[in-house]
Structures are given as C-alpha cells and as structure tokens.
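Notes for the one structure printed next.
The values are calculated or read from the model by the stated rules, or taken from the named source; none is laboratory data. These numbers come from a predicted model, not from an experiment. Note: ideal-geometry Cβ built from the backbone for every residue, glycine included; neighbour counts use all protein chains shown. Side chains are part of the model used for accessible areas, which takes the heavy atoms of the whole protein and leaves out ligands, DNA and RNA. Shrake-Rupley method; radii C 1.70, N 1.55, O 1.52, S 1.80 Å.
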Amino acid sequence: MTRLPHAVRALITTVATLLTVTAAPAGARAAAEPKAPADFVALGTVDPTIIQEIRYHTPHNFVGERVDGYREPLCVLTRPAAEALHRAQRQLLRRGYTLKVYDCYRPQRAVDHFVRWARDLDDQSMKGEFYPDVDKTRLFEDGYIAAKSGHSRGSTLDLTIVRLPAVPTRPYVPGEPLVPCYAPRGQRFPDNSLDMGTGYDCFDTLAHTLDPRIKGRQRANRLLLKNTLERLGFVNLAEEWWHYTFKPEPSPDTYFDFPVSRASLTARR
C-alpha cells in the first residue's frame, strides 16, 4: 500500500471534517437569532436628541441585574412610534425640555425573565426601592408582572421629561442602600428628570398617572408629559405615569423576541 505524505493525510482529514459539519442536520447547528421586522428602527436614527437611559441594560431595576435580551442600551421602536416621538421632542425642545426614554421595545425573553424573577420569592434584593410595600407573592395578581407585555409589540415605551441643560444621572452602585421609589425627591435615587412624584418602575399606587395625592408641580409635570404625547397619538397606561403606547400599532397581536441590538435591525436602516 502506498503511504500518503503526512501533509496530504492531514488535508484529507480536515476536508472530511468540514464536510461532516456541513452535512449536519440544520437542527444540530445553532439557530440564528430572530431579526426585527422592516418597520422597526433605532430611535437615535430618527431623533438623536432624545436621551436614552435604558434601565434594563443595567442592574438598576427591580430585578437587580441586566435583563435577558438587552444586548445594547438601545431604544428600538416601530417607525411610526419613533416619528411621533420625534414630533413630541420638537415641541418640548422649544420649551427648554427634552424627552428621556427608560425602555422601548422589550423582547419576549425579557418578559420571561421578569416572570422567573417574580416566581423566585427568595430574591427580594431590590424590594427596598421598587416595591417596598408590595408583597412579592402578589405581583401577578396586582398586575405588576404579566406573561406578555405591550412593549414586545414595538410601539410602547417608558419615558419622562428632563429640563435642559441635562445633567447626567449618577450611576447606580450595586449594593448601595435603597430608598423607596415614592420617597421625596431629595431622598430617593437621583434622576435628572422632572419630579414626577415617584421614581421609574415604582410598584405603588402613587405611580398611577392621576393619583389625587400627587399635586402641585409633580402633577403639572405628569400632565406636561401626558398632554404632549396624547396630542400626537400616544395612549397612557393609567397605572404608570411613564408608560405610553402609540396607536394604531402596526403589529397589535404579535410579541417579538429579537434581541435589543443594532445587529437585530436590517442593514438598510
């Protein structure tokens, strides 16, 4: 038998291995990540002046860690919602304010992360700030956590208003002492936004947009946000002063699961 040179045998082995991998069933290879539909855009490409403070890309949220699916601190929305938000921003800029978004499109995997967290009754590390007076066993019953979120349809976002010139909010330090989200402005975690009476994602009835206990300047700030957005087609969730949905939604019955990242958006944007 003729013996092949070592280099030739090595080449044949490599080729055979590559052919084996190529011939493997599709199910054996890693599934490609889902992509955003064509009408989804990064908000920054429509209006780069809107501040983005994407809380679920950080540990400063009720879960206490970065949430699944948030690959980048990026606001992604359907184009109609982004363009309507741009119109709201132009109105506020003329008055010396800017919008700031906390969350926009939210993948279903992030919602699933919230559900797992809510069922883990031993994990209450962020209770002192975000749900100090709510028993974690009641998060589903009281409507704070659900298996589906309108955010996953792409036209819902959480936002506030900041006075210009904007001073950056200091970073959250994991493990720092927590203060209830409904505490007076000077005591709760600092935010560069207007005083809305509670912090963002506050699991408390004081976060209801028109709660009668919110008065004076705090109420006026909430109404400035509400009136500005509602004139442009956004609808507020009454239980959360920060939560708005642009209507009509392009995909009212679809809950998407592509990651929050530029790579999820098609190249033509």
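Could you look through the range 96-138, keep only residues that are of a type in the set (F, W, Y) and part of a loop (DSSP other than H, G, I, E, B), and pick out the one that is farthest from L225 (Cα to Cα)? Among those that are of a type in the set (F, W, Y) and part of a loop (DSSP other than H, G, I, E, B), it is Y131.
Between P73, P48, P59, the distinction of being modelled with pLDDT of 95 or more, over 30 Å from Q124 (Cα atoms) and assigned to a loop (DSSP other than H, G, I, E, B) belongs to P48 only.
In the range 236-248, how many are out of contact with any strand residue (DSSP E or B) (no Cβ under 6 Å at 6 or more places or on another chain) and surrounded by 18 or more Cβ atoms within 10 Å (Cβ to Cβ)? Total meeting the criteria: 2. Just one residue in the set D158, D142 is acidic (D, E) and more than 18 Å from the chain's Cα centre (by Cα); that residue is D142.
Within the range 145-171, the residues that satisfy the criterion of being closer than 30 Å to L121 by Cβ and either at pLDDT below 95 or open to solvent by 30 Å² or more (accessible area, probe 1.4 Å) (or both) are A146, A147, K148, R153, P171. For the range 45-86, the set of residues classified as hydroxyl-bearing (S, T, Y) and farther than 19 Å from R153 by Cα consists of T45, T49, T58, listed by residue number. Of the numbered criteria (1) over 30 Å from D135 (Cα atoms); (2) surrounded by 15 or more Cβ atoms within 10 Å (Cβ to Cβ); (3) of a type in the set (A, V, I, L, M); (4) within 20 Å of the chain's Cα centre (by Cα), the one A207 fails is (1). Scanning the range 76-88 for residues that are within 28 Å of V179 (Cα to Cα) and among the charged types (D, E, K, R) turns up nothing.
Considering Y131, Y70, Y105, the condition of being crowded, with 21+ Cβ neighbours inside 10 Å and farther than 29 Å from S264 by Cβ is satisfied by Y131 alone.
Out of V41, V46, V67, V63, one residue alone is within 28 Å of T228 (Cα to Cα), under 16 Å from the mean Cα position of the chain (by Cα) and among the hydrophobic types (A, V, I, L, M, F, W, C). It is V41.
When the range 172-201 is filtered for residues that are touching a residue at least 60 places away in the same chain (Cβ under 8 Å) and loosely packed, with under 15 Cβ neighbours inside 10 Å, only P174 remains. Considering only residues of the range 212-222 that are surrounded by 14 or more Cβ atoms within 10 Å (Cβ to Cβ) and in a helix (DSSP H, G or I), which is nearest to the chain's Cα centre (by Cα)? So, considering only residues that are surrounded by 14 or more Cβ atoms within 10 Å (Cβ to Cβ) and in a helix (DSSP H, G or I), the one nearest to the chain's Cα centre (by Cα) is R222.
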